[in-house]
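The values are calculated or read from the model by the stated rules, or taken from the named source; none is laboratory data. The structure presented is a predicted model; accordingly, all values stated were derived computationally and were not measured. Using ideal geometry, Cβ is built from the backbone for each residue, glycine included, and neighbour counts are taken over all protein chains shown.
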Amino acid sequence: MYIPKCMVTLVKRVCNPHVANMPLFSSAMLYSRIRLQNPAFDYLYLAYYSYIQLNECSMTKLSVLLLLLLAIAGCKVSKTTTAQAEHAKTTIVKEKWHWNNAQKQNESAGYAQVVRVGNTLYISGIPTSDLSSKGVANVYKALGDCLKAFGASSKNVVKETLYTTDIETMKKCNDPRKEFYKGDYPAASWVQVSRLYEPEAKLEVELIAVLLGDEK
């Protein structure tokens, strides 16, 4: 357990009869420095003050020791609470969905189809090897199913990223995509690539959506 240097100094002053009667003002300044680090040192200062006033009383000395123990315990509790608070700040709460998978993620490839963080949905790419109007329609139908899993729809989509091995053909098959959005189009990026994760895939679309608050 970490004990600040100034706490050790004050403990020595409490336990040393030769310095027990040191000026209270000096001790108060030291106490102020300690208290900035941990309010639990109220106990320690009270113990020190009690010792100054009644240093001839054995019961008071016992009280001092008890208060010192409380101060040390308070230091440990405070440090643990601070560590827990810092951990909470760095932990992202994720809600996942992955078709009918009980684990809610694909352990083999290492991904989840949808991850919700706060009110934002991150939808992994849906691929197809059929770069036709029918194939594009099937991709957006699957994306719609991902949105429905969280009570959302195309109106919640704010960003679309489309990867294809043939962007000119994709331009000719854009109608099913436009029907999916019903005229309310998101920000979009279309990128032509040499290949996708699945060797036969010619198209893959991923989405980012924001929930409005009335979805599940």
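Against the conditions (1) in contact with a Phe, Trp or Tyr (Cβ under 9 Å, 6 or more places away or on another chain); (2) closer than 29 Å to Gly213 by Cβ, where does Ile123 fall short? Just the number, please.
(1)
Looking only at segment 136-165, count how many residues are without any contact (Cβ under 8 Å) to a residue 24 or more places away in the chain and among the aliphatic types (A, V, I, L, M).
Qualifying residue count, segment 136-165: 1.
Give me the pairs, please: first residue somewhere in segment 168-192 and closer than 17 Å to Cys146 by Cα and modelled with pLDDT of 95 or more, second residue anywhere and acidic (Asp, Glu) and surrounded by 13 or more Cβ atoms within 10 Å (Cβ to Cβ), beta-carbon distance under 7 Å, and either six or more positions apart or on two chains.
Going by the 7 Å Cβ cut-off, the qualifying pairs are Pro186/Glu160.
I need the full set of residues from segment 136-185 which are on the phi > 0 side of the Ramachandran plot and touching a helix residue (DSSP H, G or I) at 6+ places or on another chain (Cβ under 7 Å), in order please.
Matches in segment 136-185: Lys182 only.
Examine segment 193-216 for a residue that is of a type in the set (Lys, Arg), surrounded by fewer than 19 Cβ atoms within 10 Å (Cβ to Cβ) and either within 30 Å of Lys89 (Cβ to Cβ) or out of contact with any helix residue (DSSP H, G or I) (no Cβ under 7 Å at 6 or more places or on another chain) (or both), and state whether such a residue exists.
yes
For segment 95-116: of the residues being charged (D, E, K, R) and surrounded by 13 or more Cβ atoms within 10 Å (Cβ to Cβ), which is farthest from Gly151 (Cα to Cα)?
By that ranking, first place goes to Lys104.
Do the conditions hold for Ser133, that is, is it at pLDDT 95 or above, of a type in the set (Ser, Thr, Tyr) and buried (at least 16 other Cβ atoms within 10 Å of the Cβ)?
In short, no.
Within segment 124-135, is there a residue that is free of Cβ contacts under 8 Å to residues at least 40 places away in the same chain and of a type in the set (Gly, Ala, Ser)?
For segment 124-135, residues free of Cβ contacts under 8 Å to residues at least 40 places away in the same chain and of a type in the set (Gly, Ala, Ser): absent.
Looking at (1) among the aliphatic types (A, V, I, L, M); (2) under 11 Å from Glu204 (Cα atoms); (3) surrounded by fewer than 19 Cβ atoms within 10 Å (Cβ to Cβ), can you tell me which one Val139 breaks?
If we test Val139 against (1) among the aliphatic types (A, V, I, L, M); (2) under 11 Å from Glu204 (Cα atoms); (3) surrounded by fewer than 19 Cβ atoms within 10 Å (Cβ to Cβ), just (3) comes out false.
Any chance segment 87-98 includes a residue that's modelled with pLDDT of 65 or more, over 21 Å from the mean Cα position of the chain (by Cα) and outside any helix (DSSP H, G or I)?
Within segment 87-98, one or more residues are modelled with pLDDT of 65 or more, over 21 Å from the mean Cα position of the chain (by Cα) and outside any helix (DSSP H, G or I).
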